Amino acid sequence: MSALIAPNIYWPGSGGAMTDEVILYEVGPRDGLQNQTRVIDVEKKIELVNLLSAGGLTKIEVASFVSPKWVPQMADAGPVLDGITRASGVTYAALVPNERGMRAALQHGVDEIAVFTAASEAFCLNNTNCSIAESLDRFAPVIEMAKHRDIAVRGYVSTVVDCPYSGPVAPRQVLAVARQLLDIGCYQISLGDTLGNATPEQVEALLTCLLEEVPADHLAGHFHDTSGRALDNISACLAHGLRVFDASIGGLGGCPYAPGASGNVATESVVDHLLKLGYSCSVDREKLQLASLFAGQLKEPG
Ligand code: HMG
Ligand code: MG
């Protein structure tokens, strides 16, 4: 097993250093917008990203370099990355499915990338037209290119609790995929509750399994909020030492290949929840509200 998953920083029950600082990984411009059928102007996408950085978010997933045949809304990922005003201290990331996407992302000066696969074979096939093993093969050259340029690679595992095509997913399946992503060089695994129907009990069971082998500081929570339990699920993760959460401004979002799933948990709701619980995160709540209002204007009517 890779040295990457040697326990460090925090291990539940170990008395390791536990921080109250939470990092939000903003996915609104990518996960949020990818599901909108009405094509949004590049200028509006750029404005959204700029409002998010002005709101103090330091990790922003700006776009995805996927096939425009699969996700037309992301066809302008390059112009969006080119057009944003780069704020210092902000990491501008993009989702990359394969070598072709990686080459394009590099051309447009991406700071960090995310590769994505799933714990369920059926979702992987529907989302990326390949098996889980094939998706990992596709990532090998991508990660090689990233290493050469000192670009950090994050890994998403979708359908960590259930799959829209094949039903419940066992925690052990998630662990197997997470380990492989860490072994090939991902610095962090984002656990995708793609359908947004996970309960805190299911999240507990998942984390109990994962934390046997993967330290909490290599994990992030990515909750869609179809059933309204995302904040409870974040609380369950916090109790297990996770300190990174994905969120989407204004609750924008969904995945075109996860029918019925609603948007990610709203960034501003996560901030309020964290502050109420006594955690800190580096955002300017008032400025974030401007981004939220703007995101609301981009939402599909009805
Ligand atoms: P494929 O059809 O198997 O691949 O798609 P292909 O290599 O045969 O390519 C098909 C066409 O796409 C070709 O064009 C390629 O050139 C082109 P043609 O010859 O037909 O004109 N192509 C590309 N174009 C631009 N950029 C690229 C690229 N690659 C190929 N990078 C592929 C395989 C992975 C490309 C496709 O299935 C795909 O793009 N899937 C992405 C689907 C997607 O973006 N889903 C949403 C993101 S994942 C998500 O939301 C979940 C997450 O939020 C976590 C959670 O909530 O669980 C992360
Ligand atoms: Mg998602």
For this session: With unit charges on the beta carbon (Lys/Arg positive, Asp/Glu negative), name the residue among 283, 80, 152 whose Cα is farthest towards the positive pole of the charge dipole of the chain.
Result: 80
For this session: Go through 67-76, 130-139 and give me the packing order, highest mean Cβ count within 10 Å leading.
Result: 130-139, 67-76
Exercise. Mind listing the Cα extents of the stretch 154-302 along all three principal axes, in Å, largest one first?
Worked result: 40, 35, 29
Exercise. For the charge dipole of the chain, defined by +1 on Lys and Arg C-beta atoms and -1 on Asp and Glu C-beta atoms about the Cα centroid, which residue among 241, 51, 68 has the Cα displaced farthest towards the positive pole?
Worked result: 68
Exercise. Counting DSSP beta bridges in the stretch 163-260, what percent are antiparallel, to the nearest 5?
Worked result: 10
Exercise. Hey, how many Å between the Cα centroid of the stretch 271-302 and the Cα centroid of the stretch 198-260?
Worked result: 18
Exercise. Lys/Arg Cβ at +1, Asp/Glu Cβ at -1, dipole of the chain taken about the Cα centre: which of 216, 37, 180 is farthest positive-ward?
Worked result: 37
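For the chain, with only Lys/Arg (+1) and Asp/Glu (-1) charged at the beta-carbon, what is the dipole magnitude about the Cα centre, in debye rounded to 20?
Roughly 420 debye for the chain.
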Exercise. Any idea what log10 I(q)/I(0) is at q = 0.14, 0.20, 0.29, 0.32 Å⁻¹ for the stretch 22-72, Debye with uniform C-alpha scatterers and no solvent?
Worked result: -0.36, -0.70, -1.21, -1.34
Exercise. Beyond 27 Å, what percent of the Cα pairs of the chain remain?
Worked result: 34
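We did not get these values from a lab; they are worked out from the coordinates using the rules stated. Just so it is clear, the structure is predicted and the values come from calculations on it, not from any experiment. FYI the Cβ positions are ideal-geometry reconstructions off the backbone, even for glycines, and counts take in every protein chain you see.
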